[in-house]
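Report on the following structure.
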Amino acid sequence: MPCIVGGRVLNADRTEQRGARRGEITPVSALLSLSGLARGGALRRYEVHLEDEAVPERAISTPTISGACFCMRREDFDAVGGFDERYFLHVEDVDLCWRVRQAGGLVLFHPKAEVVHLGHTSQVSPLKVEFHKGVGLARYFRKRADGAPDLALAWLLSPLVVGAAIARPMMWRLRRRPT
């Protein structure tokens, strides 16, 4: 039974980054989370990012951990086929966790394992990064589709997923502008 263990991914100020521990990532949860609609109220259950929740005291099972800080035995990594190299940027960790769970394995988040990750330091435009994140998510949803109806839905939602991803950096810019 394969196992992957992820740790807390921290910013330089020791606050937890988004994505270190995540819930189940589906087309609906991704769209609601990317758009910000899942941040509160009745749609909160669709928020995939769990960094706003209390840090557990011990290792816990979680659907998805971050590829920025994880540990996995080589034989487990090989048993699930390693990283899918068809992902250009982002989502390969989400896919790896899903395949571990599909193989009957465990995905664990361990709060005592910590790494400071200097995110957002790329010289590449955030728009380009988010575009590739959206494309990766769309690929992931098509890959994990269970049957023709799910696959058709994944294809139909692909433009919305990519659009929601690239809208994020545009919204960041609007929020930073002085009024």
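The values are calculated or read from the model by the stated rules, or taken from the named source; none is laboratory data. Note that the structure is a prediction, hence the values are computed from the model and not measured. Note: ideal-geometry Cβ built from the backbone for every residue, glycine included; neighbour counts use all protein chains shown. Calculation scope for accessible area: heavy atoms of the full protein, side chains included, ligands and nucleic acids excluded. Shrake-Rupley method; radii C 1.70, N 1.55, O 1.52, S 1.80 Å.
Only one of these is without any contact (Cβ under 8 Å) to a residue 12 or more places away in the chain and closer than 30 Å to Ala12 by Cβ: Arg168, Arg175. Name it. Lay out the reasoning, then the answer.
Values: Arg168 fails: without any contact (Cβ under 8 Å) to a residue 12 or more places away in the chain.
Just one listed residue meets the conditions, Arg175.
Quick one: which of Pro169, Pro111, Pro178, Pro126 is at pLDDT below 90 and open to solvent by less than 40 Å² (accessible area, probe 1.4 Å)? If you could, list the steps in order and put the result at the bottom.
On the way: Pro111 fails: at pLDDT below 90; Pro178 fails: open to solvent by less than 40 Å² (accessible area, probe 1.4 Å); Pro126 fails: open to solvent by less than 40 Å² (accessible area, probe 1.4 Å).
After ruling out the rest, the residue left standing is Pro169.
What pairs can you find where one residue is in region 51-65 and closer than 15 Å to Glu24 by Cα, the other is at pLDDT 95 or above and open to solvent by 90 Å² or more (accessible area, probe 1.4 Å), and their Cβ atoms are less than 7 Å apart, with a gap of 6+ or different chains?
Pairs that qualify, where the first residue is closer than 15 Å to Glu24 by Cα and the partner is at pLDDT 95 or above and open to solvent by 90 Å² or more (accessible area, probe 1.4 Å): there are none.
Given the conditions (1) at pLDDT below 85; (2) touching an Asp or Glu at 6+ places or on another chain (Cβ under 7 Å), report the number of the one that Glu51 does not fulfil.
Unmet condition: (1).
Just for region 1-31: of the residues that are under 14 Å from the mean Cα position of the chain (by Cα) and among the polar types (S, T, N, Q), which one is nearest to Phe77 (Cα to Cα)?
Filtering first and then ranking leaves Thr26.
Take the residues in region 36-70 that are in contact with a Leu (Cβ under 8 Å, 6 or more places away or on another chain) and open to solvent by less than 30 Å² (accessible area, probe 1.4 Å), then tell me which one is nearest to Arg101 (Cα to Cα). Write out each step before concluding.
Filtering region 36-70 for residues in contact with a Leu (Cβ under 8 Å, 6 or more places away or on another chain) gives 37-38, 43, 46-47, 59-62, 65, 67.
Still in the list and also open to solvent by less than 30 Å² (accessible area, probe 1.4 Å): 38, 47, 62, 65.
Details: Ala38: 25, Glu47: 20, Thr62: 10, Ile65: 12 Å.
Filtering region 36-70 for residues that are in contact with a Leu (Cβ under 8 Å, 6 or more places away or on another chain) and open to solvent by less than 30 Å² (accessible area, probe 1.4 Å), the one nearest to Arg101 (Cα to Cα) comes out as Thr62.
Of the residues Leu160, Leu118, which single one is closer than 24 Å to Ser29 by Cα, of a type outside the set (Lys, Arg) and in contact (Cβ under 8 Å) with a residue 12 or more places away in the chain?
Working: Leu118 fails: closer than 24 Å to Ser29 by Cα.
Of Leu160, Leu118, the one residue that is closer than 24 Å to Ser29 by Cα, of a type outside the set (Lys, Arg) and in contact (Cβ under 8 Å) with a residue 12 or more places away in the chain is Leu160.
Working carefully through the options Arg18, Arg101, Arg22, find the one that is surrounded by 14 or more Cβ atoms within 10 Å (Cβ to Cβ), more than 23 Å from Trp155 (Cα to Cα), charged (D, E, K, R) and touching a residue at least 60 places away in the same chain (Cβ under 8 Å). First the steps, then the outcome.
Numbers: Arg18 fails: touching a residue at least 60 places away in the same chain (Cβ under 8 Å); Arg101 fails: touching a residue at least 60 places away in the same chain (Cβ under 8 Å).
Just one listed residue meets the conditions, Arg22.
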